[in-house]
Amino acid sequence: MKRLTILYDSNCGVCRRCRAWIERQAAYVPLEFVPLQAEELPRRFPGIEKMELDKEIVVISDTGDVWQGGEAWVMCLWALCEYREWAQRLAHPVLLPVARRACAIFSENRHRISRLLPGDAGMEEWRRTIESLPGETRPCNEGYCKPL
């Protein structure tokens, strides 16, 4: 496997944030992100329209393997340098149902969660607000920071 394609809903704030987080991570394999709204989707992936793409994340390998839901999230983690060990744990038959259920709950509620998150401009406002809060911190020593 040399590449993974991640299908995501570009109209969903949670999906866009997840994409941005994944893109910031070091990866073992190149990752390509394709919005569900892309016109070329059915041409690039014949038969993909039979899947319920709007329900849960979909990941497709360059070899033609397709994962959806919890398995797709596990594959995203597997591709990331810092999270491959977690992916291997979550892929275990005992934990995979937990990953599936967590993904299903998150996916079912992603639009509600998106409404709670500020837009990109709102994130800058959140940052300024947090930085303006009273209290300073000492330099971090021994792995943690203490308030003054």
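The values are calculated or read from the model by the stated rules, or taken from the named source; none is laboratory data. Nothing here was measured: the structure is a model prediction, and the numbers come from that model. Every residue, glycine as well, gets a Cβ built from its backbone with ideal geometry; the counts of neighbours run over all protein chains shown.
Candidates Ile105, Ile6: the one that is aliphatic (A, V, I, L, M) and in a helix (DSSP H, G or I) is Ile105.
Condition check ((1) closer than 17 Å to Cys12 by Cα; (2) crowded, with 17+ Cβ neighbours inside 10 Å; (3) modelled with pLDDT of 85 or more) across all residues:
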{"site": "Val29", "(1), (2), (3)": "no, no, yes"}
{"site": "Lys50", "(1), (2), (3)": "no, no, yes"}
{"site": "Gly70", "(1), (2), (3)": "no, yes, yes"}
{"site": "Thr129", "(1), (2), (3)": "no, no, no"}
{"site": "Ser132", "(1), (2), (3)": "no, no, no"}
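The residue pairs whose first member lies in segment 1-13 and is under 12 Å from Ala38 (Cα atoms) and of a type in the set (Val, Ile, Thr), whose second member is assigned to a helix (DSSP H, G or I) and modelled with pLDDT of 90 or more, and whose beta carbons are closer than 7 Å, counting only pairs six or more residues apart or on different chains, do not exist in this structure.
Being within 12 Å of the chain's Cα centre (by Cα), on the phi < 0 side of the Ramachandran plot and surrounded by 15 or more Cβ atoms within 10 Å (Cβ to Cβ) narrows it down to one of Arg17, Arg24, so name that one. Walk me through how you get there before you give the answer.
Values: Arg24 fails: surrounded by 15 or more Cβ atoms within 10 Å (Cβ to Cβ).
None of the others qualify; the one that does is Arg17.
The condition of being farther than 23 Å from Glu82 by Cβ and without any contact (Cβ under 8 Å) to a residue 24 or more places away in the chain holds for only one of Arg24, Arg19, Arg43, that being Arg43.
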